[in-house]
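Single-structure report; data block below.
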Amino acid sequence: MAAAMLDGLPAGSLVFMGGVFALSAGLVIRRAPWRRFIDEPALIHLFIATVLCLSALWQLRAGTAPGLALHFLGISTLTLMFGWALALVAAALALLGSALVWGAPLASLPMDVLVVAVLPVAVCWWLYRLVMRYLPAHLFVYLYLCGFLGGLLSTVVSVFAVAGLLGLSGVYAPDRLMRDYLTYLPLLAFPEGLLNGMLLTALVALRPTWLATYSDARYLKGK
């Protein structure tokens, strides 16, 4: 997906996205709960391990052309583990690490962060907030909607964002994007949701303290 090179985009688009990236970075720096790393020292190790796992996961991709790569995101689980701000930081660091290790052009990093991190995290966090506000505090609601559906929707949004950017910029014709990219979306979206649902279930059962958005008192005791 967008973790692959997007250097075929016009220079003006990359400059614009660089500005968006800078504004987003400023917001995240201000809003991220950095204090948690001081209050919970073990969180630092979990955060670093998660970044490394993400970076490795995003190297397992398939694609038919530059910029048209498909891979799992794991953004739904990431967002539920750390909250939206730290999830964006983790995703951005994973993309930066991948670019440095695998030699991807850093000029495409802002675009990658937008389609792999900002948009998917926004979707997952928006869905989580809706579930928290309007639906009962039930464990299966949390697992299936926040985990499974969040993972599925984050992939759909990310794929369409990549296709839209490449199509509007004239890098690929719409029929090429449909034939070589969007056609494979159903084959990725459902497994993405399943992967996040399984990961979230395992974390709830084995490591609930790793989930910033989960509480036994809320989801098991109804408090």
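The values are calculated or read from the model by the stated rules, or taken from the named source; none is laboratory data. What you see is a predicted model; the values in this text were computed from it and never measured. We place every Cβ from the backbone using ideal geometry, glycine too, and count neighbours over all the protein chains shown. Note: accessible area is taken over every heavy atom of the protein model, side chains too, but ligands, DNA and RNA are not part of it. Shrake-Rupley method; radii C 1.70, N 1.55, O 1.52, S 1.80 Å.
What single numbered condition from (1) in a helix (DSSP H, G or I); (2) of a type outside the set (S, T, N, Q); (3) without any contact (Cβ under 8 Å) to a residue 60 or more places away in the chain fails to hold for P136?
(1)
Could you list, in sequence order, the residues of region 37-70 that are without any contact (Cβ under 8 Å) to a residue 24 or more places away in the chain and more than 20 Å from L109 (Cα to Cα)?
Hits for region 37-70 are F37, I38, D39, E40, P41, A42, L43, I44, H45, A49.
Given the conditions (1) open to solvent by less than 60 Å² (accessible area, probe 1.4 Å); (2) part of a helix (DSSP H, G or I); (3) at pLDDT 90 or above, report the number of the one that L165 does not fulfil.
Condition (3) is where L165 drops out.
Do you know which of the residues in region 147-162 that are under 24 Å from P110 (Cβ atoms) and more than 12 Å from the chain's Cα centre (by Cα) is least open to solvent (accessible area, probe 1.4 Å)?
V162
Would you check which residues across region 108-126 are closer than 13 Å to A90 by Cα and open to solvent by 30 Å² or more (accessible area, probe 1.4 Å) and list them?
Correct list: V118 only.
Could you identify the single residue in L153, L143, L95 that is on the phi < 0 side of the Ramachandran plot, without any contact (Cβ under 8 Å) to a residue 60 or more places away in the chain and assigned to a helix (DSSP H, G or I)?
L153
Within region 72-81, identify whether any single residue is of a type outside the set (D, E) and open to solvent by 40 Å² or more (accessible area, probe 1.4 Å), and answer yes or no.
Looking for residues that are of a type outside the set (D, E) and open to solvent by 40 Å² or more (accessible area, probe 1.4 Å), one finds at least one in region 72-81, hence yes.
Name the single residue, out of those in region 195-217 being open to solvent by 60 Å² or more (accessible area, probe 1.4 Å) and more than 15 Å from the chain's Cα centre (by Cα), that is farthest from W34 (Cα to Cα).
Among them, the one singled out is M198.
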